[in-house]
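S.K.: Take this structure first; my questions come after.
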Amino acid sequence: MSWDRPAGTSPTVSEHSAEKFSPPVVTNVVHRLRLDPLVTARSAAPATVVAATAGWGKTIFAASWLAAGADQRSGVWVSLDEADDDPHAFWCAVAAAVMPVLGVRATEALRRVAAGAAAADELPGAVAAALRLAPGPIALVLDNLHEISSPHVHAGLVRLVERPPTNLSLLVTTRRDPPWPLARLRLAGLVAEVRAADLAFRVDEAAQLFTQLGVGVTESQLERLVERTEGWPAGLRLVGVHLKGVDELEGPVSAFSGEDHSVAGYLLTEVLDRESPEMIAFLETISGVDLVCADLADALTGRHDGARVLADLAASHLFVQAVGQPGRWYRLHRLIADILRARPAPRRRRRDLHRRAAEWLRSNGMPLEALHSAVAGELWPLAADLAGIYALKLIMAGRGRKLELMLARIPRTVLGVHPELAGALAGARIALGSDVEVATLIGLGRAVNGAVSAGRAARAGVLLDLSASGLARSAGDWTAAVEAYRSVPIEPEALAALRMVGSEIVPVVVANNRGTAALWAGDLELAEQHLTAAVEVNLDGLVLPQLNAAGYHALLRCERGELDLAEASARRVIDAASSAGFGLALQSVGAYLTMARVVLDRGGTEEADEWLERIADVEALGPEPHVRLAAAVLLATRREAAGDREGALAGLRSQGDLASWRPPPGLRERWVVTEAALLARAGDGGAARELLVRMGRATTDEGVLALARVQLLLGNLSAASDIRAGAARAVHPRGQVTMAVLDTLLAAAGGDEDRAIDRLEDALAAAVPCSLRRPLLAEAGPLRPLLERRIERGSAVPEFALDLLERMSDVSPAAAETRRALIDPLTGRERTVLRYLASTLSNAEIAAQLYVSVSTVKTHQRALYRKLGAAGRRDAVHRARLINQL
């Protein structure tokens, strides 16, 4: 891949920072047991929705509940943001949060979710199933649910609430009601609600707060303050801090109770304005960043007491909250941050603060955060410099989604001036599997690249060329994809001159893509050269293009027939991808293709379904035509092996007309000859010949042998012999087996049985080391009697020969008829639905068990009926049992 992307639109576990899973450090808080959802009359509800506008203490309430032990439950916290507004991103974050408190069994059950390798409709059910396996009760807090608008995420949450694991207590905080059927859930006792009226402080609770703050107000003064603020927690805290140290309280309290100010207006202006100028200046200065530490605060303010001030503010729990490790990072209360950012300030000062933040973040190894500050401050030259230097590394590390969200806010006019920003945004989108405006962005960047300095132009050129290659690859145009690399520097001196962080990855990207292109073209020697070069580079940690190269190198070994080596390599790639959270990344698809073909080559069928499903999951997020076509050829092989030649043909034909997209030569030849062979075996010689005419002369070793076999199937012995005579000598196991099988068939067709039996022995000997059965099993009809004679005369590999004969004999007319009932392999989810269909549960009850909608169950049901050739539910169960699918 040019831009090697992680799980489509889904960030992975590797992207999540510790702060995301850390509640604010709760200190100096009034604990109000009446609000604890586990000790009120509403405690039977498995989910609690805490809904109120800003300043009502939702997050503090949730954090203090966890800090108090959450009724002896293991506490789990997830801070949601806009990057989680996607089913895969959301459930991946939840999985990453809960895994540390789960046992071994539950953690293993969640591994595919955390790795981004589960299908979208499986995610809620997978999380629920894993939670049920947890060794003890769990309290899960989802903070800021209002950041999530995805109907798919909310639908999954509703299903989780409707059928909750008995050991789960779910608490969500939100500024607005989630799009759930709250009335129904409330009546069913499934949801408890905590509203602003519940969160409002009572007089006794306000008294505790003011005592903690050291403010000695009387009961009557407290009553007036609570009445005037309507118990608004943020308001009372602000008033309390404002009154702290005031000797005579009656006047300020009376003034606050006057009618000349609204509660919000008073608190947001006069309370803040009456703070010391130094404190206001400090808060305004740090408000431009989302997270701040003492050193960053000092860099922004020019002071040297950031650690003390932040610690004091956090202790009073007024303006900032400590996040994660106490004393390390802090976050302004969102309400205060919004107010301070909205206060008028000279544009020059704001830009200067953002510049200071960006420079500090950059020098402290936080380039994405630095770029965020530069963009927020509209410091376009600085943002362009940061993008040019760091975008490559950020994208290759799987942080493309956050980068794209950030850069998408930049005005088009700015992108048309700074080519690095245009190139970085284009690259981030390609890395996410999106081609939206990518061609336009590349055009914008190239139009102005000559108007910037040589260094900037060189960095922007790399980003733009990689994006162009990725765009071509996504369209299946590998010629254009490789052409885009001609101007990309790969020499160490040239790369060092770029001053791009991660530039050492560029040669790996180039070698990876050239090797992948050569593999699809059928040039195995060139593919070996480039893919090996990409894999053998010693890089620091897992790099996506290297993962991709390793996956396709495994497929290359499979193409050569080295099945043991191919499987071992593919499993290493899959394990690495899963551990890093890249299970749905296109970098994993080469390994999945390898595993599917290895299974089929060894004579398996159903075992290949898991890998074909994984390929489909990847393609659903980042479709690429060459991967889709390769998977279709494998599926056709699987269907034919199961006795469904009609289904195999239908699947290949569904890939569309060659005129709309011209696949790489090797893949195109495999597609055409596979379909032509199916047609010839089905007796449609005319259609097969037409396909061969359209294909023309075969250019790859595999294509030459396959073409000769099709000609033999069509009865053209002379043409088949001529093509075979021009074939190159086979040097790899697959070629040796395929060539020997072809020679066997040619000899048998020519009446030379002795030679046929001799060449069959050669095929057996070449196939044994890696158990390469498919080339032999595919010709079961004509080979079976020859194999019987070979065994009678003796073979150097008798066990393998007998195993093949047994497999061939299994394809009896009765067995074939039974297998033809299964038109398509059943997916894992379809098998699950099938098991429920065998019960007495209704569709609605099945949907509830699986955490899916009734319409989804019906969709699977219709697919089952079609695949099993069944007329109804009972018939489907009966047929499934006949073919051992149930």
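The values are calculated or read from the model by the stated rules, or taken from the named source; none is laboratory data. Computed from a predicted structure; not experimentally measured. Cβ sites come from the backbone with ideal geometry, for glycine too, and all protein chains shown count toward neighbours. Just the protein is used for accessible areas: all its heavy atoms, side chains included, with ligands, DNA and RNA removed. Shrake-Rupley method; radii C 1.70, N 1.55, O 1.52, S 1.80 Å.
S.K.: Evaluate the Debye formula for the stretch 67-219 with equal point scatterers sitting on the alpha carbons, no solvent, and hand back log10 of I(q)/I(0) at q = 0.14, 0.17, 0.20 Å⁻¹, in q order, two decimals.
M.R.: Treating every Cα as an identical point scatterer, log10 I(q)/I(0) equals -0.74, -1.00, -1.30.
S.K.: Can you give me the Kirkwood hydrodynamic radius for the stretch 330-447, using every pair of distinct Cα atoms, in Å to one decimal?
M.R.: Over the stretch 330-447, the inverse of the mean reciprocal pair distance is 14.8 Å.
S.K.: With +1 on the Cβ of every Lys and Arg and -1 on the Cβ of every Asp and Glu, and nothing else charged, how large is the dipole of the chain about its Cα centre, in debye rounded to the nearest 20?
M.R.: 1160 debye
S.K.: A follow-up question, please. Would you please classify the overall shape of the stretch 689-751 from the alpha carbon gyration tensor, given that a ≥ b ≥ c denote the square roots of the eigenvalues, rounded means a/c under 1.5, and beyond that prolate means a/b larger than b/c while oblate covers the rest?
M.R.: Here the stretch 689-751 falls in the oblate category.
S.K.: Beyond 17 Å, what share of the Cα-Cα pairs of the stretch 628-730 remains, rounded to the nearest whole percent?
M.R.: Above the 17 Å cut-off, the stretch 628-730 has 50 percent of its Cα pairs.
S.K.: Could you grab the Rg to Rh ratio for the chain? Cα atoms only, Kirkwood for Rh.
M.R.: 1.06
S.K.: Shifting gears a bit: Dividing the convex hull volume of the alpha carbon atoms of the stretch 428-510 by its residue count, what do you get in Å³ per residue?
M.R.: Spelled out: Cα convex hull of the stretch 428-510, divided by residues, is 91 Å³.
S.K.: If you don't mind, another one. R0 = 41 Å: FRET efficiency of S363 with S254, Cβ-based, nearest 0.05?
M.R.: 0.20
S.K.: The stretch 345-400: which GluC sites (Glu not before Pro) are DSSP loop and have at most 16 other beta-carbon atoms within 10 angstrom?
M.R.: Answer in residue order: E378.
S.K.: Using only the Cα atoms, work out Rg/Rh for the stretch 405-447, with Rh taken as the Kirkwood radius, to two decimals.
M.R.: Over the Cα atoms of the stretch 405-447, Rg/Rh equals 0.92.
S.K.: Could you work out the relative contact order of the chain? I mean the mean sequence separation of Cα pairs under 8 Å and 6+ apart, divided by the number of residues, in percent.
M.R.: Contact order relative to length: 11 percent.
S.K.: Taking 0.36 nm per intervening residue step and subtracting the Cα-Cα distance, what contour gain separates V448 from D875 on full extension?
M.R.: 147.1 nm
S.K.: What is the angle, in °, between the Cα long axis of helix 685-695 and the longest principal axis of the Cα atoms in the chain? Nearest 10 is fine, range 0 to 90.
M.R.: Long axis of 685-695 versus the principal axis of the chain: about 60 degrees.
S.K.: Here's a follow-up. Got a number for carbon plus sulfur as a percent of the chain's accessible area, 1.4 Å probe?
M.R.: 53 percent
S.K.: Cα axis of helix 104-114 to longest principal axis of the chain: angle in degrees, 0 to 90, nearest 10?
M.R.: 80 degrees
S.K.: Under Stokes-Einstein, with the Kirkwood radius over Cα pairs standing in for Rh, what whole-number D in µm²/s applies to the stretch 546-676 at 4 °C and 1.567 mPa s?
M.R.: Result for D is 87 µm²/s.
S.K.: Within the stretch 650-701, which trypsin sites (Lys or Arg not before Pro) sit in a loop by DSSP and count at most 14 neighbouring Cβ atoms inside 10 Å?
M.R.: Counting only loop positions with at most 14 other Cβ atoms within 10 Å, the trypsin sites (Lys or Arg not before Pro) in the stretch 650-701 are R697.
S.K.: Using 1/(1 + (r/R0)^6) with R0 = 35 angstrom and r between the beta carbons of D803 and D754, what's the FRET efficiency to the nearest 0.05?
M.R.: 0.90
S.K.: Output the 0 to 90 degree angle, nearest 10, between the alpha-carbon long axis of helix 625-641 and the longest principal axis computed from the alpha carbons of the chain.
M.R.: Its long axis makes an angle of about 50 degrees.
S.K.: How large is the helix-only mean residue ellipticity at 222 nm for the chain, computed as the sum of -39500 (n - 2.57) over DSSP H runs with n ≥ 4, divided by its residue count, in deg cm²/dmol to the nearest 500?
M.R.: -18500 deg cm²/dmol
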